[in-house]
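See structure below.
The values are calculated or read from the model by the stated rules, or taken from the named source; none is laboratory data. Please read these numbers as outputs of a predicted model, since none were measured by experiment. With ideal geometry, Cβ positions are generated from the backbone for all residues, glycine too; neighbour counts draw on all protein chains shown. Note: areas computed on protein heavy atoms with side chains; ligands, DNA, RNA excluded. Shrake-Rupley method; radii C 1.70, N 1.55, O 1.52, S 1.80 Å.
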Amino acid sequence: TAFSGVGSRAYRNVPITLKLTDCPAAGTGANGKSVKIIFSSPGAVLTGNLLPLTPGTPAAPAAGGVGIGVWDQSTGNQLKVGGDPVSYAYDPGTQGVTLSFVADYQSTDATVIPGNASGVAYMAFDYK
């Protein structure tokens, strides 16, 4: 197994890139412009700020004992699912920003059950 115990991570650093363009010209963040991102889940957040896995089907059951974590690649900080928004400054000249995150699986139980392991995350954007 790829997991060594509760809290261990596997398949580390799967890239997620969001390129925001045509951001509003006015704002109040760093350099006058910023976007706050609120990260949420359609299901109950797992211990450790992990996204739950999408439920499986009888033909393709979901994995067990694991969730999905997402980290800001530039800071190494884990995104807080359902937590406070994170603010990112964007370039006043281009009115855009590229945000880079990484995701991985993190065990929530001593025993991880094999199966489908996909999840859903929602992101809301608040321009300031």
With viscosity set to 1.002 mPa s and temperature to 20 °C, compute the Stokes-Einstein D of segment 10-109, Rh being the Kirkwood radius across alpha carbon pairs; µm²/s, no decimals.
141
Label-point separation in nm, Thr17 to Asp104, each point 7 Å along Cα→Cβ:
2.1
Suppose all protein chains stay in the model; what accessible area per residue would a 1.4 Å probe give for segment 1-80, in Å²?
57
Which distance in nm do the two modelled labels at Ala10 and Asp126 give, with both placed 7 Å along the Cα-to-Cβ direction?
3.7
When the chain is modelled as a GNM with alpha-carbon springs shorter than 10 Å, which of Thr94, Thr108, Thr54 fluctuates the most?
Thr94
